[in-house]
Every structure is written in structure tokens, then in C-alpha cells.
Amino acid sequence: DSARETFPLTVNGTTHHLTVDPRTTVLDALREHLGLTGAKKGCDHGQCGACTVLLDGRRVNSCLILAISQQDALITTVEGLGDDLHPVQREFLEHDAYQCGYCTPGQVCSAVGMLDEVAQGWPSAVTRTGEPALDRAEVRERMSGNLCRCGAYPNIVDAILGAAR
Ligand code: FES
Ligand code: FES
């Protein structure tokens, strides 16, 4: 039994003070201690993307990051994307971009982070150079860290391209 540690964690604009096992991941802190169950635990090993959240605006697999190491970070979960539906969420609805929905919060957070990367001119993920032209192949490559067991990929790509427009 390891000692517990108390430290701050700022999520969706609110700073919480957690007293937890220092080995607690951001994902477990969110789900088990803060009641934010939007981020999902698929693999718990960085392979599925279901746990994706934004850390200082960058998408990350929250199952791979210790909460205690993020005391100064601003964490945004799917619950904190906005008071109303975020444009990416609206496009997911519009394009029927989910079936069971388990991967959806991760897909949405990842898409929000990805569109920001594109806006900032991160090079093409397909060619590794040059301006990113956001076509289907580019979206699939950039979203390749987010798996969907239901195979809703075509509609997910449609939704993201819709949000990009
Ligand atoms: Fe984190 Fe699968 S639960 S990547
Ligand atoms: Fe079921 Fe993606 S909608 S896993």
C-alpha cells in the first residue's frame, strides 16, 4: 500500500485537490475521483485513444500520464469543450459518426486537438512535409491513434471534414 499524496489538478477550469495514490493516472483521476466519465478506458495502454483529453490544448492519452505530473497543466475533457455543443460534436451528430459511442469522446477530443494542429500548420501526417491538405487520407492518418471497434470511420472522417469547413 503506497502513501497517498495531495496535489492540485485543474480540469475544465476548476482546480481540484486530490488525495490519491501517486501512481494514479489522469484517466483514473478523472473517472474515479472527479466523476468525469466522458474519457473512456479502452485499453489502459496507449493503444486505443478512448481516453483522449486535451492537456494545455494538446491531445494526449490520459491513461499514460500520471496526474501528479500535471499539477500545472490545464486539462480539458469532453465535458469541458463548451457550454453548448462544440462544433465538432455537432458534426458528429450531423454525420452519425458513432455506433456504440464508446470511442466517441476520445474521437471528439482528438479531432479538436487535431484541427488545432492543422490550424497551426503542423506538417502533413501522410507525407511528413509541406502544408497539410485536409483530405480523407490526411484525416485518417492524423486520427490513427483513435480506434473505433464499430468501424464508424467513414462517418467520423465526414464529421471531422465538416468541422474543418
Ligand atoms: Fe488510453 Fe486506450 S485507454 S489509449
Ligand atoms: Fe463503437 Fe466507435 S462507435 S467503438
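The values are calculated or read from the model by the stated rules, or taken from the named source; none is laboratory data. Owing to the predicted nature of the structure, the values given are computational and were not obtained by experimental measurement. FYI the Cβ positions are ideal-geometry reconstructions off the backbone, even for glycines, and counts take in every protein chain you see.
What to note about this one:
- When ASP84 is tested against (1) farther than 16 Å from ASN12 by Cα; (2) charged (D, E, K, R); (3) modelled with pLDDT under 95, just one condition goes unmet, and that condition is (1).
- Residue check, LEU74 more than 16 Å from ligand 2 (Cβ to nearest atom), buried (at least 16 other Cβ atoms within 10 Å of the Cβ) and outside the structural domain of VAL112 (by TED's automatic domain parsing): no
- The residue of the stretch 33-46 that is farthest from ligand 2 (Cβ to nearest atom), among those that are within 23 Å of ASP72 (Cβ to Cβ) and more than 14 Å from the chain's Cα centre (by Cα), is HIS33.
- Of all residues in the stretch 139-165 being among the small types (Gly, Ala, Ser) and assigned to a helix (DSSP H, G or I), the one that is surrounded by the most Cβ atoms within 10 Å (Cβ to Cβ): ALA159
Table: residues versus (1) of a type in the set (A, V, I, L, M, F, W, C); (2) over 18 Å from TYR153 (Cβ atoms); (3) within 16 Å of ligand 2 (Cβ to nearest atom); (4) part of a strand (DSSP E or B).
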| position | (1), (2), (3), (4) |
| --- | --- |
| PHE7 | yes, yes, no, yes |
| ARG23 | no, yes, no, no |
| ASP28 | no, yes, no, no |
| ARG31 | no, yes, no, no |
| CYS48 | yes, no, yes, no |
| VAL53 | yes, yes, no, yes |
| GLY82 | no, yes, no, no |
| PHE92 | yes, no, yes, no |
| ALA111 | yes, no, yes, no |
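- Among residues of the stretch 32-54, those that are buried (at least 18 other Cβ atoms within 10 Å of the Cβ) and either out of contact with any Cys (no Cβ under 9 Å at 6 or more places or on another chain) or modelled with pLDDT under 95 (or both), counted: 2
- For the stretch 106-138, a tally of residues being touching a residue at least 24 places away in the same chain (Cβ under 8 Å) and crowded, with 18+ Cβ neighbours inside 10 Å returns 11.
- In the stretch 60-82, the residue that is nearest to ligand 1 (Cβ to nearest atom) out of those that are in contact with a helix residue (DSSP H, G or I) (Cβ under 7 Å, 6 or more places away or on another chain) and under 13 Å from GLY38 (Cβ atoms) is SER62.
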